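Scroll down for the structure; my scribbles are underneath it.
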Amino acid sequence: MKKEVKFSLVYRDMWQSSGKYVPRKDQLAKVAPVIIDMGCFDRVETNGGASEQVNLLYGENPNLAVRTFCKPFNEAGIQTHMLDRGLNALRMNPVPADVRQLMYKVKHAQGTNITRIFCGLNDPRNIIPSIKWAKEAGMTAQATMCITYSKVHTAEYYINLAEQLIEGGAQEICLKDMAGIGRPAMLGTIVAAIKEKHPDIIVQYHGHTGPGFSVASMLEVAKSGGDVLDVAMEPLSWGKVHPDVITIQAMLRDAGFLVKDINMKAYMEARSLTQSFIDDFLGYWIDPKNALMSSLLVGCGLPGGMMGSLMADLKGMHAAINTNLRKKGEHELSEDELLVELFDEVQRIWPMLGTPCLVTPFSQYVKNAALMNIYSRSMGEKDFSRMDPAMWGMILGKSGKLPGELAPEIIELAKEKGYEFYTDDPQKLYPDVLPQYIKEMEELGWDRGQDDEELFEFAMHDKQYREYKSGQAKEQFNKDLLERMEKAARGGQQVTFISAADKRAILHPSAEPLEAPMNGRLLWEINTGEGSGKPAHGKLYTKGEQVCVLQTQHGMEVVTAFENSRIVAIDKEQGEMVAKGQTICWMEKVDLVEEAKIAAQNAVETAKQTAKEVARAAKQALAGAAQQIEPKVSKWKDSMNAKNSVKRNNQ
């Protein structure tokens, strides 16, 4: 009987390994049924990682997006899974235990079936509690081993780690080869050992294509007993992302495995939809270099998904490094020379820093340390003189136990700075916080949401959630999008002309036109005392409220708001003639209750800030007065001391 190998479409990671953002809720709703029609997927990665944080960054509620995307797969019997960073949950830094525990209840309620729990240090203490909480919430706990290649990370190391995780309650094991540098033979050895001892444990392999090993790795994993392989699809496959399902399916079928057929008509439709999302706005954050594979990644072991941010950091430091080298009369570096030097430096310092797996956030830490070393040398400074607190947190054990040993010079540097190493469970450093978030939500009048999902989001992404609620996130995203569009237009890329209508459509896709009910002259205001003009952008109207007036041959025709809404774009000016059916302006529906809450919150924040400024000014005034009085007081004291001295002498 043929061994069946199943496929999981990592739709979430396809986007986040290519760029920054993920599709909107409405876009996910469009593509989900087409993915189902492809007929070849038993699983789909729907959420987790940074996807919910970036939802907030562009002003969308991630809870609605997750529910929308998961629902059709749940109904079709396709399992959904999420990426979960263990101690860090869905962010870059450690999360209190009560928030981690709530996450599984929320995600299960939203329709996520499986959670892929990983720790970049492969510390079981950061994974096993999540296994317990996920199972209690009704989810399948897939414990994850971050795969890399070093003297520490051997096949024996991973086989022993898998045993600890299965003993800790893991129902499935994932081999997360985030940089794609796991060697095929080693991966086969690991999978075979797990399946020999635990034949009922599902093993899933996740590998990136950057260095070029992934296709061979998938074949080796399948031959060794692997059950599920993560795949992608065009236009976001290959490069530094994941192999395409078409290639992997054909390879496995030829090797004698049982695999599902691909509905190519649906594949092409999903491909077209995904491309349309790129063209809509997501492409402005996709680095074209992520579409290229690179064998340079074999040695340094950095994940391909971070190449975009790495190149941005490199370009930012390039000029500064060359300026320093020029001052010293040394050879300046080209961008390619600097890139190779950075890769070499990562390879050199990685074992010195305890050999953490180069995955979020530790890949960023090691890359930053390497880049800062290169910069420090150009300044004539010592290595490791510019490491930030997050980096030191990893070194000192506050994120968990490092897989390897620290170099003596790193330990000595920590002692010089007066730092103490931490060996206890890192979770103990981060006390529970939900009660304070519940209290604040009550004070602000914020709803905790269905299944406490809004409470969870607030506690998980405090800063981003506040900015989402205030509208600041959307405003900043819109500004960034327009800047990128205009830059692309100047360079002849993607956009050739950006009209006001283009901007309105992109910034306010849900806005609806307010049309003229008949021919007439538009009067935004009728004001005999002062000049009349159009309303301010964002002005709020209640349903049925007058927005403007049309002066017609039959008299004045009042045009009212069709819903509680705000003006987001104006097409016609004061006094302009309009024809029946022409668009006067564009209105975006709003929740007036929520708007009032946000306004109240902003007023409170403004009052707090004003109070702080008043207190600061008063403190400064008192300090200034004290400085002016102090010389007089000192002079008076000297005078009194002199008088007392005279009295004592006379006595």
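The values are calculated or read from the model by the stated rules, or taken from the named source; none is laboratory data. Not measured: the values here are computed from a predicted model. All Cβ positions, glycine included, derive from the backbone under ideal geometry; neighbour counts span all protein chains shown. Note: areas computed on protein heavy atoms with side chains; ligands, DNA, RNA excluded. Shrake-Rupley method; radii C 1.70, N 1.55, O 1.52, S 1.80 Å.
Overview of results
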| read-out | value |
| --- | --- |
| Test: residue in segment 86-94 that is farther than 26 Å from F362 by Cα, among the aliphatic types (A, V, I, L, M) and crowded, with 20+ Cβ neighbours inside 10 Å | no |
| Only listed residue being open to solvent by 10 Å² or more (accessible area, probe 1.4 Å) and touching a residue at least 12 places away in the same chain (Cβ under 8 Å), chosen from T144, T189, T148 | T189 |
| Checking V66 against (1) outside any loop (DSSP other than H, G, I, E, B); (2) closer than 30 Å to T423 by Cβ; (3) open to solvent by less than 20 Å² (accessible area, probe 1.4 Å), the condition it does not meet | (2) |
| Considering residues of segment 204-221 that are of a type in the set (A, V, I, L, M) and surrounded by 24 or more Cβ atoms within 10 Å (Cβ to Cβ) only, the residue nearest to M186 (Cα to Cα) | V221 |
| Failed item in (1) part of a helix (DSSP H, G or I); (2) surrounded by fewer than 24 Cβ atoms within 10 Å (Cβ to Cβ); (3) not aliphatic (A, V, I, L, M), with S130 passing the rest | (2) |
| Residues that are in a helix (DSSP H, G or I) and either open to solvent by 10 Å² or more (accessible area, probe 1.4 Å) or closer than 25 Å to E196 by Cα (or both), drawn from segment 225-253 | I246, T247, I248, Q249, A250, M251, L252, R253 |
| Number of positions in segment 365-393 that are closer than 22 Å to G48 by Cβ and in contact (Cβ under 8 Å) with a residue 60 or more places away in the chain | 1 |
| Members of segment 118-137 found to be under 20 Å from V106 (Cα atoms) and aliphatic (A, V, I, L, M), listed by number | I127, I128, I131, A134, A137 |
| Residues within segment 279-318 that are farther than 17 Å from M372 by Cβ, part of a helix (DSSP H, G or I) and either touching a strand residue (DSSP E or B) at 6+ places or on another chain (Cβ under 8 Å) or touching a residue at least 12 places away in the same chain (Cβ under 8 Å) (or both), tallied | 16 |
| Residues that are assigned to a helix (DSSP H, G or I) and either surrounded by 20 or more Cβ atoms within 10 Å (Cβ to Cβ) or of a type in the set (G, A, S) (or both), drawn from segment 35-52 | I35, M38, S51, E52 |
| Those residues of segment 4-36 which are of a type in the set (A, V, I, L, M, F, W, C) and touching an Asp or Glu at 6+ places or on another chain (Cβ under 8 Å), in sequence order | V5, F7, L9, V10, V34 |
| The listed residue being assigned to a helix (DSSP H, G or I), at pLDDT 95 or above and either over 25 Å from F343 (Cα atoms) or hydroxyl-bearing (S, T, Y) (or both), out of A222, A216 | A222 |
| Odd one out for A320, checked against (1) exposed (fewer than 14 other Cβ atoms within 10 Å of the Cβ); (2) out of contact with any helix residue (DSSP H, G or I) (no Cβ under 8 Å at 6 or more places or on another chain); (3) more than 22 Å from M485 (Cβ to Cβ); (4) not polar (S, T, N, Q) | (2) |
| Scope segment 377-401; condition of a type outside the set (S, T, N, Q), open to solvent by 20 Å² or more (accessible area, probe 1.4 Å), part of a loop (DSSP other than H, G, I, E, B) and closer than 30 Å to N322 by Cβ; matching residues | M379, G380, E381, K382, D383, R386, M387, D388 |
| Qualifying residue in segment 156-179 (condition: part of a loop (DSSP other than H, G, I, E, B) and at pLDDT below 95) | yes |
| Lone qualifier among K30, K3, K20, K71 - being charged (D, E, K, R), under 21 Å from P361 (Cα atoms) and surrounded by fewer than 19 Cβ atoms within 10 Å (Cβ to Cβ) | K20 |
| Count - residues of segment 437-461 that are farther than 19 Å from K105 by Cα and either touching a helix residue (DSSP H, G or I) at 6+ places or on another chain (Cβ under 9 Å) or acidic (D, E) (or both) | 7 |
| Complete set of residues in segment 325-361 that are hydrophobic (A, V, I, L, M, F, W, C) and in contact with a strand residue (DSSP E or B) (Cβ under 9 Å, 6 or more places away or on another chain) | M352, L353, C357, L358, V359 |
| Every residue from segment 92-121 that is over 14 Å from N47 (Cβ atoms) and part of a loop (DSSP other than H, G, I, E, B) | M92, N93, P94, V95, P96, F118, C119, G120, L121 |
| Filtered residue count, segment 69-88, keeping only those that are part of a loop (DSSP other than H, G, I, E, B) and over 16 Å from R12 (Cα atoms) | 1 |
| Check on R326, open to solvent by 70 Å² or more (accessible area, probe 1.4 Å) and under 30 Å from L402 (Cα atoms) | no |
| Helices (runs of 4 or more DSSP H) lying entirely in segment 402-496 (those with 2 or more residues that are open to solvent by 50 Å² or more (accessible area, probe 1.4 Å) and over 25 Å from E60 (Cβ atoms)) | 408-416, 434-444 |
| Residue match in segment 349-357 (condition: more than 23 Å from S17 (Cα to Cα), among the aliphatic types (A, V, I, L, M), in a helix (DSSP H, G or I) and modelled with pLDDT of 90 or more) | yes |
| Total residues in segment 266-275, condition in contact (Cβ under 8 Å) with a residue 60 or more places away in the chain and open to solvent by 30 Å² or more (accessible area, probe 1.4 Å) | 2 |
| Selection from segment 292-312 of residues that are under 20 Å from the mean Cα position of the chain (by Cα) and either closer than 21 Å to D244 by Cβ or modelled with pLDDT of 80 or more (or both) | L302, P303, G304, G305, M307, G308 |
| Qualifying position, being closer than 29 Å to C300 by Cβ, in contact (Cβ under 8 Å) with a residue 24 or more places away in the chain, surrounded by 24 or more Cβ atoms within 10 Å (Cβ to Cβ) and among the acidic types (D, E), among D123, D177 | D177 |
